[in-house]
Every structure is written in structure tokens, then in C-alpha cells.
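Written below as C-alpha cells is the structure these notes are about.
Any read-out appearing in this document is the output of simple, stated calculations on the displayed coordinates, not a laboratory observation. Fair warning: this is a prediction, and the values are worked out from it, not measured in the lab. Don't worry about glycine lacking a Cβ; one is built from the backbone with ideal geometry, like all the others, and counts go over all protein chains shown.
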Amino acid sequence: MSDAAIDLAYELLTLSLVAWRVAGSVERTSDGIVIGGKRDIRIEPWPQDSLFRWMVTIDGRKRGAISLLAVLRQVRETLDPEHAASRVRIAIAPLVP
């Protein structure tokens, strides 16, 4: 994965913490991203041939993430456990007046 993709993920995570009003700091490292705060969160790009694009490590427990959306979901669930998550479904349908 390119450094540009990691830089974009870093910016997205930094702005997400602000938008969520969650305390924490985001740091770019040589091998990924570290989120500091109450929990130890590390986000690393995964090899191209893997099903997962990212590996999220929370307090030593590793979980794969297939997209940045999945990374954001895992980070939000960890840092803001009282947040009521909701799913969005996108479907092709006629516009309703």
C-alpha cells in the first residue's frame, strides 16, 4: 500500500476523532498509524494479496478490516462504546416526491 493511502487514512482518523468529540491523538509511524488515549490502537496496511486491506490491533488483539470504513467502525466502537452504531443501506429505487 502506498504512503499516500496511509497519509489519507491518518488525516481521516484525525478528523474523525474531532468530529466524534473523542479524546485521543493520532500519530503516523513508519509502519502505520497509532491512536493514543485510553486504549492502545494500531492500524497497519496489510499485503496486497490478503483479503483484508488493514489490520487493526486493539490492546494486542488483531482484527482485519476490508476497508477504511471498517477501520473507522472498529476505532469508534473502541473509543466511544456508548455510541449507538447504525447501518446504512443503499439501494436502487425511484425517488420519492
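For the stretch 1-10, a residue qualifies if it is surrounded by 12 or more Cβ atoms within 10 Å (Cβ to Cβ) and outside any loop (DSSP other than H, G, I, E, B), and the qualifying residues are Ala5, Ile6, Asp7, Leu8, Ala9, Tyr10. Residue selection: Arg61 satisfies the criterion of being exposed (fewer than 15 other Cβ atoms within 10 Å of the Cβ), under 21 Å from Tyr10 (Cα atoms) and either within 11 Å of the chain's Cα centre (by Cα) or not aliphatic (A, V, I, L, M) (or both). Does the stretch 64-77 include one or more residues that are surrounded by 10 or more Cβ atoms within 10 Å (Cβ to Cβ), of a type in the set (D, E, K, R) and more than 12 Å from the chain's Cα centre (by Cα)? Checked against the condition, which is being surrounded by 10 or more Cβ atoms within 10 Å (Cβ to Cβ), of a type in the set (D, E, K, R) and more than 12 Å from the chain's Cα centre (by Cα), the stretch 64-77 yields no hits at all. For the stretch 28-58, the candidate set comprises residues that are hydroxyl-bearing (Ser, Thr, Tyr) and surrounded by 12 or more Cβ atoms within 10 Å (Cβ to Cβ); within that set, the residue that is nearest to Tyr10 (Cα to Cα) is Thr29. From the list Trp46, Trp54, the lone residue that is out of contact with any helix residue (DSSP H, G or I) (no Cβ under 7 Å at 6 or more places or on another chain) and of a type in the set (Phe, Trp, Tyr) is Trp46.
Listed by position, the strands (runs of 3 or more DSSP E) contained in the stretch 12-97 that have at least 1 residues being within 27 Å of Ser2 (Cβ to Cβ), in contact (Cβ under 8 Å) with a residue 12 or more places away in the chain and of a type in the set (Ser, Thr, Tyr) are 25-29, 54-58.
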